[in-house]
Amino acid sequence: MKLLSIETSCDETAVSVLHAEGPADAAQFRILGNTLLSQIDIHKQYGGVFPALAKREHAKNLVPILSQSLAEANLLVTSEDTLSEVQRAQLSELLTREPELCSALTAFFEMHRAPAVDAICVTHGPGLAPALWVGVNFARALSLIWNIPVIGVNHMEGHLLSALVKKKDDLFVIEEVAKPVLALLISGGHTELLSMKDWLSYELIGHTRDDAVGEAYDKVARMLDLPYPGGPEVSRLAEEARAENIQQDTKLPRPMIYEQHADFSFSGLKTAVLYFVKAHEKLSEEDRKALAREFEDAVADVLFTKTSRALLETGAQTLVLGGGVSANKNIQRVFTEKISAEHPDVELRIPAPMFTTDNALMIGIAGYYRALANQFSDAATLAADGNLSLV
Ligand code: KG4
Ligand code: ZN
């Protein structure tokens, strides 16, 4: 089946078209069209994502991005069909808060025929509510006017399932996944360990009690005067420290590392970095590198120790890392080395770089699994939920 997918949960506007086939245990995906527009440069000046601005940018860019992805997939067919009065009224009601998007989309509908896709998948949470709503209402409008079913997708499920993907010639496949799967999902808003005994069935094993890892990275970056998004910047400094063999004597805390549960806490680590920075009037470039390295080591120690314990507890056969922070080189290295040394029977899957940061491909992949389970949404009532949970 062909799936059109839309992602607007944070600061990336993305639309993709996938051809998907096969059962859940041997699913195959071909990318037909994929367009992603990052708003990082716009939010950089605010040191973080500014929700009202994110929403406005999504509204401005969705139609051009849709058009580009459909064209790439050879699914953009021009026509001169006009919309009925009823359809126009439905559209303006659906997009009443996005008048600009409404007129751009109306013009698009009047120039193009419905594309040959079987479902429209859209992130409906978790994320920034105003940003999510633009994508959801856009998808509902497409579903309604084109008469194509819609599937609301959980963003974290997108991260999880896309992280299982392997490249095989020009296809992306999810196959030979030994279950149960333990997923460590680490992003700007989430840090959680989930067990997946079967497809689409999750149990929460542990989660952060305060800050998410990505949030801690972004806050530490700010303390070190590094630009947004901070994760890659802190990582760059830490990698330089490793290459130059620079290390600091003061150890940072590894919060909750010895506690016999799978929950995390990162706010104490973040505060320890703040105190360290405050206690040292002026940090040299070397000091900053050493601090970034120690912070990264503390994060990786905690993440690995908790995950290792959860692997034993759940009897997981596969460990998958997902979410924006899973792009981190040190985390990837620590997990690769330690899983093969300490859990040689567990297969570690780390997402390819194109799947680590937010994208629409992962929404199409998760949408396919929902379609296989016949879990379609009702376009009339599909709603965005900033706190949507997988369990
Ligand atoms: O999944 P994602 O793109 O957005 C959310 O769903 O939150 O994750 C974004 C987070 C940000 O906090 C960003 O700083 C962090 O992922 N991040 C990284 C790296 N790349 C992105 N953190 C550490 N190292 C990286 N290489
Ligand atoms: Zn994400």
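The values are calculated or read from the model by the stated rules, or taken from the named source; none is laboratory data. Computed from a predicted model, the values in this text were never measured in an experiment. With ideal geometry, Cβ positions are generated from the backbone for all residues, glycine too; neighbour counts draw on all protein chains shown. To get the accessible areas, we keep the full protein, side chains included, count just its heavy atoms, and leave off ligands, DNA and RNA. Shrake-Rupley method; radii C 1.70, N 1.55, O 1.52, S 1.80 Å.
At-a-glance table
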quantity	calculated
Cα lying deepest toward the dipole's positive end in segment 251-391, options 275, 350, 389, charges on Cβ	275
Carbon and sulfur %, accessible surface of segment 53-122 computed with the full protein complex present, 1.4 Å	49 percent
Contact order normalised by residue count of the chain, Cα under 8 Å, 6+ apart, percent	23 percent
Exposure rank, largest accessible area first [113, 97; 1.4 Å]	97, 113
Solvent exposure of segment 38-112 as accessible area per residue, Å², 1.4 Å probe	56 Å²
Two-decimal log10 I(q)/I(0) for segment 177-350, as the Debye equation yields it once each C-alpha is a single scatterer, q = 0.11, 0.12, 0.14, 0.15 Å⁻¹	-0.45, -0.53, -0.71, -0.80
In degrees, nearest ten, helix 361-372 long axis to first principal axis of the chain (Cα)	70 degrees
Solvent accessible area, Å² - residue 329, 1.4 Å probe, full protein context	120 Å²
Listed peptides 56-65, 241-250 by packing density, highest first (mean Cβ within 10 Å)	56-65, 241-250
Förster radius 51 Å - calculated FRET efficiency between residue 52 and residue 345 (Cβ-Cβ, nearest 0.05)	0.55
Helical mean residue ellipticity (222 nm; -39500 (n - 2.57) per DSSP H run of 4+; nearest 500) of the chain	-14000 deg cm²/dmol
Fluctuation leader among 326, 187, 67 - the chain, Gaussian network, Cα springs under 10 angstrom	67
Relative pair counts by distance (%), Cα atoms of segment 296-363, 5 Å bins	3, 16, 28, 24, 17, 9, 3
Extreme residue, positive dipole direction of the chain, given options 46, 28, 74 (C-beta unit charges)	46
Folded to 0 to 90 degrees: helix 329-342 orientation relative to the chain principal axis, Cα	70 degrees
Long-range amide H partners of residue 348 with built H, under 5 Å	319
Gap separating the Cα centres of segment 63-142 and segment 305-360, nearest whole Å	37 Å
Mean accessible surface per residue for segment 170-237, computed with a 1.4 Å probe while every protein chain stays in place, in Å²	37 Å²
Qualifying lysines (Cα of each under 18 Å from Cα of residue 278; at least 8 residues distant if same chain)	219, 251, 270, 289
Carbon plus sulfur fraction of accessible area for segment 242-391, probe 1.4 Å, in percent	50 percent
Segments 222-230, 76-84, 131-139 sorted - mean Cβ within 10 Å per residue, highest first	131-139, 222-230, 76-84
Mean Cβ neighbour count within 10 Å, used as a protection proxy, ranking 294-304, 2-12 highest first	2-12, 294-304
Inter-centroid distance (Cα atoms) of segment 172-204 relative to segment 225-277, Å	25 Å
